[in-house]
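Structure first, commentary second.
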Amino acid sequence: MTTIVRTEGIGPSAIFALPWLVADEHGYFADEDVRVEFVENRADQRLAKPVDDHRLVDSIRNHVPFEEGQVDVYRACEWGQIRRAADSKRGAKILGKRSSVAVMALLSAPGSKYVYPQTLAGAPIAVSYHNGNHYAAIQMLEGFLEPDEINVVGYHTLEGYRAVQRGEAAAVALAEPWITLAEKQGFQKVIETHYAGLELSSPDFTAETYALCNRAIGRAVTDINADKRRYLHYLIDALPDVFAGEIGQDDFHLPRLRYVQPEPYTRAEFERAHAWMRRWKLIDTADTYEELVFAGPITEQGTEKS
């Protein structure tokens, strides 16, 4: 009997869902008797203007379809997924680490004075709250600035990009393909990092189904790493229509795109990330590993790891 799995992967999340998209393209899910249905993410809460307090923004953000039961599993940054697992009314659980190792950079306007991290002290930095660029921006800067010098302001990505162009924000936190676009348009990279992400699932998602998906995804990761250029069209197509034709395959710095085999999410990783979030007041609950992670770490074979 074919197993149906509904997941995010259309539009802006393509960079994080690429192994799922490639596995579907090559029929690897079908080989496991799994049918994947891709659902576009959607945010109920829209930011009418910049927001300077993350507590005013819902952590679920773009992942409303999951809370509504339209999605079974989806991917996002490690910190954001911890927060969403804690906030989820549906009872979301952390499955394991996603195969996409995300890249994030802070970029300033062409010719601006913001050319290295210390120049951003006190200056507004456009981020998307409760997403990877929010948390990664803080982690990139805390080695250079005092906590009260880090001034992140909530925008949607396009509005944050435009705010830098207008001089309203000093820098914007961007992932791919936005980094490639910004550099093509003359933005200055201030600092860049890579970070891990997690996959969340509904509480009734099974270890057996996850194992089937991971076998397919593992094959896709091998394909991507063998020829990244072949799959860049997914990323290019993820940009807003207003930027159609602005970048091509030759504009990407391919070593930025990193994909690894599926791995469990360990207690040590959870506790380190959760403690950092509490220190920065990005989460105010004392949830434990047992409460938020799906039956303990799940191996690729779908069995519990001791």
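Summary of computed values
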| item | result |
| --- | --- |
| Residues (polar (S, T, N, Q) and over 24 Å from ALA14 (Cα atoms)) located in region 143-194 | ASN151, GLN165, GLN188 |
| Selection status of ALA182, modelled with pLDDT of 95 or more, closer than 25 Å to HIS134 by Cβ and either acidic (Asp, Glu) or not in a helix (DSSP H, G or I) (or both) | no |
| Flag if ARG256 is in contact with a helix residue (DSSP H, G or I) (Cβ under 6 Å, 6 or more places away or on another chain) and either in contact (Cβ under 8 Å) with a residue 60 or more places away in the chain or assigned by TED's automatic domain parsing to the domain that holds LEU21 (or both) | no |
| Residue ID - farthest from ALA17 (Cα to Cα), chosen from residues in region 92-139 that are free of Cβ contacts under 8 Å to residues at least 60 places away in the same chain and crowded, with 23+ Cβ neighbours inside 10 Å | ILE125 |
| Looking only at region 199-245, and only at residues there that are small (Gly, Ala, Ser) and assigned to a loop (DSSP other than H, G, I, E, B), the one that is nearest to TYR74 (Cα to Cα) | SER202 |
| The listed residue being on the phi < 0 side of the Ramachandran plot, of a type in the set (Gly, Ala, Ser) and loosely packed, with under 13 Cβ neighbours inside 10 Å, out of ALA226, ALA196 | ALA226 |
| Of all residues making up region 42-84, the number that are under 24 Å from HIS274 (Cα atoms), modelled with pLDDT of 85 or more and either outside the structural domain of MET277 (by TED's automatic domain parsing) or of a type in the set (S, T, N, Q) (or both) | 1 |
| Residues of region 145-158 satisfying the condition of being touching a strand residue (DSSP E or B) at 6+ places or on another chain (Cβ under 8 Å) and either surrounded by 22 or more Cβ atoms within 10 Å (Cβ to Cβ) or modelled with pLDDT of 95 or more (or both) | ILE150, ASN151, VAL152, VAL153, GLY154, TYR155 |
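The values are calculated or read from the model by the stated rules, or taken from the named source; none is laboratory data. Quick caveat, the model's predicted, so the values are computed rather than measured. Here Cβ is always computed from backbone atoms with ideal geometry, including for glycine, and neighbour counts include all displayed protein chains.
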